[in-house]
Amino acid sequence: MKRFLLLIFVFVFGANLSAQNFFGGLIAGGIMSQVGGDMRGGYNKLGVVGGVFAGLNLSEDIDVQLELKYIQKGSYSADMETWIAFDPFLIKLDYLDLPVVFGYNLNKINVNGVNLKWLKLECGVSFDVLVNYRQEIRGDVVLASDPWRQVVFNTIVGARVAVKENVEVGLRAINSMTSICNSSKYQYSNGNVTYIRRLFNRYGMFNDVLQIAVFWRI
C-alpha cells in the first residue's frame with residue numbers, strides 16, 4: 001500500500017521523492033455533524049470516517065498530507081416539540097473525501113520549559129464526492145430528483161497530538177464552503193429548511209463536521 005500512496009504523491013506533486021521523507025498510513029475515527037440551513041442546529045448526526053494517507057516532510061516543522069477517506073456526514077433531529085410536522089428529521093450523506101492538509105509542528109516552542117513537539121496544528125482543503133444519500137422526515141423516505149450536489153468544497157482546521165511514535169490523535173473542524181444541495185441566488189425557505197449563504201454569496205445548505213480520528217503511520 002505504501003507504493004500505491006507514493007505513486008499518488010508523484011502524480012499530484014510531480015516531485016522526486018527519493019530524497020524526501022515520505023510517510024503513509026491509515027485513518028480511523030468518528031464524526032459529529034450538522035447541516036447549516038436545515039434550521040435545527042447541534043452536532044447530533046454521528047458517523048464514521050476511515051481511509052489512508054500519504055505525506056511529505058517539507059521541513060523540520062512543516063509537512064503536507066494527502067488523504068483518501070470515506071466519511072459519513074449529515075443532520076439528525078428529534079425535536080418533536082419545535083418541529084411537530086417535520087421531526088424526526090434525518091439527512092444522511094456519505095462521501096469519498098479527498099483532503100490536502102498542511103501541518104505545522106510546534107517543536108520549536110516551549111511553554112514553562114515544556115517543549116510542544118507532540119503538538120501539530122493543521123489546515124487545508126478537501127473535495128467531497130457524494131457516493132450515497134438518504135433523507136427522512138418522520139421516518140418516511142423523501143424521494144427527490146437528485147437534490148444533493150455530487151462535489152462539495154470544504155475547509156479544514158485542526159490539531160493533532162502524538163500519543164506514540166507512529167500514532168497521532170487529531171481533532172478537526174470541517175466546513176463546506178459550497179452548498180451541498182442545489183444553490184440559489186435568492187433566499188429560500190419552505191417552513192422546514194431555510195437556506196443560508198457562505199462562499200460566492202449564494203444561498204444553500206452546508207455540512208459542518210467535527211472529526212476525531214487516529215492517524216497510524218505504517
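Out of all the residues in the stretch 180-199, which are among the polar types (S, T, N, Q), in a loop (DSSP other than H, G, I, E, B) and free of Cβ contacts under 8 Å to residues at least 40 places away in the same chain? Explain how you work it out, then say what you get.
If we filter the stretch 180-199 for residues that are among the polar types (S, T, N, Q), which is where we start, we get 182-184, 187, 189-190, 192, 194.
Pick out the ones that are also in a loop (DSSP other than H, G, I, E, B) and you get 182-183, 187, 190, 192.
Listed by number, the residues that qualify are ASN182, SER183, GLN187, ASN190.
Every residue in the stretch 133-144 that is of a type outside the set (Asp, Glu) and without any contact (Cβ under 8 Å) to a residue 40 or more places away in the chain, please.
Let us first name the residues in the stretch 133-144 that are of a type outside the set (Asp, Glu), namely 133-135, 137-139, 141-144.
If the condition is that a residue be of a type outside the set (Asp, Glu) and without any contact (Cβ under 8 Å) to a residue 40 or more places away in the chain, then VAL141, VAL142, LEU143, ALA144 are the ones that fit.
Let me confirm something: among LEU68, LEU46, which residue is surrounded by fewer than 18 Cβ atoms within 10 Å (Cβ to Cβ), touching a helix residue (DSSP H, G or I) at 6+ places or on another chain (Cβ under 9 Å) and in a strand (DSSP E or B)? Before you say what the answer is, go through the steps one by one.
Numbers: LEU46 fails: touching a helix residue (DSSP H, G or I) at 6+ places or on another chain (Cβ under 9 Å).
Among LEU68, LEU46, only LEU68 is surrounded by fewer than 18 Cβ atoms within 10 Å (Cβ to Cβ), touching a helix residue (DSSP H, G or I) at 6+ places or on another chain (Cβ under 9 Å) and in a strand (DSSP E or B).
Kindly list the number of the only condition in (1) surrounded by fewer than 18 Cβ atoms within 10 Å (Cβ to Cβ); (2) under 23 Å from MET39 (Cα atoms) that fails for SER179.
(1)
Can you tell me which residue in the stretch 145-164 is farthest from SER75 (Cα to Cα), limited to those that are surrounded by fewer than 14 Cβ atoms within 10 Å (Cβ to Cβ) and β-branched (Val, Ile, Thr)?
So the residue we want is VAL163.
Of all residues in the stretch 20-43 being without any contact (Cβ under 8 Å) to a residue 60 or more places away in the chain and outside any strand (DSSP E or B), which is nearest to LEU68 (Cα to Cα)? Walk me through how you get there before you give the answer.
Taking the stretch 20-43 as the starting set, the residues that turn out to be without any contact (Cβ under 8 Å) to a residue 60 or more places away in the chain are 20-22, 40-42.
Then keep just the ones that are outside any strand (DSSP E or B); that gives 20, 40-42.
Values: GLN20: 21, ARG40: 30, GLY41: 28, GLY42: 27 Å.
Top of the filtered list is GLN20.
Residue by residue, here is whether (1) within 20 Å of the chain's Cα centre (by Cα); (2) over 15 Å from VAL49 (Cβ atoms); (3) assigned to a strand (DSSP E or B) holds:
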{"position": "ILE84", "(1), (2), (3)": "no, yes, no"}
{"position": "ASN107", "(1), (2), (3)": "no, yes, yes"}
{"position": "ASN110", "(1), (2), (3)": "no, yes, yes"}
{"position": "LYS120", "(1), (2), (3)": "yes, yes, yes"}
{"position": "ARG134", "(1), (2), (3)": "yes, yes, yes"}
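No value in this document is a laboratory result; all are computed from the given coordinates. None of the values given here were measured: they were computed from a predicted structure. All Cβ positions, even for glycine, are placed from backbone atoms using ideal geometry, and neighbour counts span all protein chains on display.
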